[in-house]
Amino acid sequence: MEERLARFKTLLKEKGMKTTTQRLAILQVLLEQPDKHFTAEEIYELVKLNWPDIGLATVYRNIQLLLELNLIDHLNLNDGYVRYEIGSTNMDDVRHHHHHLICMECGEVFMFEDDLLENLEQTIQDTLGFVVNNHEVKLYGRCKNCNERTEQV
């Protein structure tokens, strides 16, 4: 995590931006729980634990900055909230190599790490000349635990 924070500081400096404690605190919250998908308000509540004077507007502004720098991703899980997660482990990667599995029964969100669409993307490029830079896949269904509960009834 320290390496990512150091790279973040370098990136901000290269873009002519200040490295603020608020920006680092927001990034750290997301880095500490990379499998979570937080709303801006949830990020605010977690950052506020260490920085009680931070304002919600500051969190929103910094989330927008982190999105613009491609350090975090936003995600809509069709629950009425925009959620945020940390970007790829390597900030230079093309960041579309995980997908989301959403349980329609309990609402749990799982990340699926394999990118099985690379062949499709290459075929699209070869046949249509269209280069896919990113994609988002959300699969809806029922998780293992919910399936097991249903089978026990």
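The values are calculated or read from the model by the stated rules, or taken from the named source; none is laboratory data. Worth saying up front: this structure is predicted, and the values here are computed from it rather than measured. Here Cβ is always computed from backbone atoms with ideal geometry, including for glycine, and neighbour counts include all displayed protein chains.
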> If a residue has to be closer than 12 Å to residue 27 by Cα and among the polar types (S, T, N, Q) to count, how many in the range 47-63 make the cut?
Replying inline: 1
>> For the range 123-133: of the residues being within 24 Å of the chain's Cα centre (by Cα) and exposed (fewer than 10 other Cβ atoms within 10 Å of the Cβ), which is farthest from residue 113 (Cα to Cα)?
In response: 131
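Counting only residues that are surrounded by 15 or more Cβ atoms within 10 Å (Cβ to Cβ) and at pLDDT 85 or above, give me the helices (runs of 4 or more DSSP H) lying completely in the range 1-107 with at least 3 of them.
Fully inside the range 1-107 and qualifying: 21-32, 40-50, 56-68.
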>> Of everything in the range 107-129, what is farther than 22 Å from residue 142 by Cα and not hydrophobic (A, V, I, L, M, F, W, C)? Give them in sequence order.
In response: 118, 119, 121, 122, 123, 125, 126, 127, 129
